[in-house]
1. As a footprinting exposure proxy, order 183, 334, 178, 121 by other Cβ within 10 Å, with the fewest listed first.
2. Applying a 10 Å radius around every beta-carbon, put 87-94, 283-290, 209-216 in order of their mean neighbour count, most first.
3. Any aspartates and glutamates with Cα under 18 Å of the residue 202 Cα? List them, leaving off those in the same chain fewer than 8 positions away.
4. Could you calculate the FRET efficiency of residue 401 with residue 284 from 1/(1 + (r/R0)^6), where r is the beta carbon distance between them and R0 is 60 Å, rounded to 0.05?
5. Return the sequence-ordered ³J(HN,Hα) values of the range 359-373 in whole Hz as given by the Karplus equation 6.51 cos²θ - 1.76 cosθ + 1.60 applied to θ = phi - 60°, using x for Gly and Pro.
6. What is the order of 54, 400, fewest Cβ neighbours within 10 Å to most?
7. Would you order 165, 218 from fewest to most other beta-carbon atoms within 10 Å of each residue's own beta-carbon?
8. Going by amide H atoms built from the backbone, whose H comes under 5 Å of the H on residue 519, apart from near neighbours?
Amino acid sequence: MITVSSLTKSYGGQVLYTNGSFFIGPGEKVGLVGPNGAGKTSLFRLIMNEETADSGNINVPGNIRLCYFSQNVGELRGRSALEQVIHGNPRLGFLKNEISKIEKALEEGEYSDEMLEKLGDFQTEFEKLGGYEIEHEAAEVLTGLGIMPEDHGKPVESFSGGWKMRIALAQVLAQKPDFILMDEPTNYLDLESILWLETWLKNFKGAIFMTSHDRDFMNGIVKKIVEVNHKTITVYSGNYDYYEKEREIRREQLLASAQRQEAMLKKEEEFIAKFAARASHAAQVQSRVKKLDKIERIEVVADVQTINFEFPQPPRSGNDVVKLNDLGKTWITDEGKEKKVFSNVTGLVKRLDKVAVVGVNGAGKSTLLKIIAGLTEGTNGTSQIGANVNFGYFSQYSMDVLDPNKTAFEEVRGRVGHNKSDGYLRNLLAAFLFRGDDVDKKVSVLSGGEKARLILATLLCNPLNLLILDEPTNHLDIMSREVLTEALKNFDGTVLLVSHDRHFLKEVTTTVAEVDRGGVTFYPGTYTEYLDSKA
């Protein structure tokens, strides 16, 4: 279906990949992986003909319908959410208008064989493109992505950026094309919407080529991986877990081959050095020199290594860290009506618990964390922090407190304290993937993921024994999520967190608090055990 042959692409003087080739067949579901800056988005743009390759070919048959979901959704306005999704295919909008015009003309008494023929052709194409089902499909997809039917008629400009992303994604899915390109479709989605999208994509008959920071999401969908890294494109047959294992096996094999070659080269070079001056061995020496000149050296490129940083031991808290007693919360809406979030919440978080707060979108997960952190008050009941508890709170809004004029190093220096050495702070930053010149980047140019890593690094390095984390994995790539996972697993304190990353939750949590139907239920045990009990 899509064939990439001998592709070479440079960007701003930097080579992204050379001589890369792969194929995606009808119905294949393929994941695209690689570090930030390796050229994943550029590869999508090349396939969409939005960029031009330096050399090589990308063959996309002209008869397939191709849709692309990117993080740059553009300005959406002038339509309702439902209309925006329906008009995702401009051809459908054109056909609908033409059919309406001809039908109106016929009603008014105009008639010709040409009009009837055009009407038949337009109706046939409209039906083929799913025009008669598009409204139902659009409504179903919007609802699946968390935009409820009562909001389908709202103007798109009234939605926040994250919800506009959902509308743009729904616009792509509802068209049911032959091939979908998706750049981070799970960004801004809650767990419920991710699970719905995963099921939808599994059942989708067309081909998919996508990136995602959510490894469980990738594992559930893709059967092949295309990796862009170290200026090469490499193909692996299998899901993300298989790719990780196979990549390590291939790397070990390459390393062994490089070592064997190095030993052989050393032996040949020693022979040449020993007998270079002897006329009796001149022919043999020349033969070996020519042989060495023709050998292609095996290059083992060093992977980015995760630095194991020893986080400071937090002070010991009391055994009872958070006590909730008959806690309730009611918001007053803009219309002045009361909206109950939850009520009668009673529970106890013990020292060293790592609690996942889960529930559907809008259930009140973030509200519960804000009450515990003292950022808002409960309507009734109490939330009490235990003895000797020092807590830190993280949400996406935490990043707003960063000074855009400071460097990453200066921010950490100011937040961790001036009693730490420069080497200590650089190691801390390196543990959270700020290496080399990255530490001197201004906050103003950092990505959302980089800002999140900066805040999380300082939280884990301060003398805190309770971390309250609201969506800490948002905008983090897979490597950054692994760094955070290991840091929290080794954290000798208590954690309360909300996240939509199932792999992260499975690895970190020891207790689950489910916010549902206006209440909170505590499930002792891991997130995996919680899922088993719910199943």
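1. Numbers: 183 20, 334 5, 178 16, 121 12.
Ascending Cβ contact count within 10 Å gives the list 334, 121, 178, 183.
2. Values: 87-94: 15.5, 283-290: 12.8, 209-216: 22.6.
Output ranking for 87-94, 283-290, 209-216: 209-216, 87-94, 283-290.
3. Within reach: 28, 137, 140, 178, 183, 184, 192, 214, 216, 241.
4. On the way: r = 71 Å, r/R0 = 1.19.
The computed FRET efficiency comes out at 0.25.
5. Going residue by residue, I get x, 5, 4, x, 6, x, 4, 5, 4, 4, 5, 5, 5, 4, 7 Hz, with x marking Gly and Pro.
6. Numbers: 54 13, 400 8.
The most exposed by this proxy come first: 400, 54.
7. Numbers: 165 22, 218 25.
Ascending number of Cβ neighbours within 10 Å: 165, 218.
8. For residue 519, whose amide H was placed from the backbone, the distant partners under 5 Å are 343.
FYI, it's all coordinate maths here, none of it is from the lab. Quick caveat: nothing in here was measured; it's all calculated off a predicted structure. Using ideal geometry, Cβ is built from the backbone for each residue, glycine included, and neighbour counts are taken over all protein chains shown.
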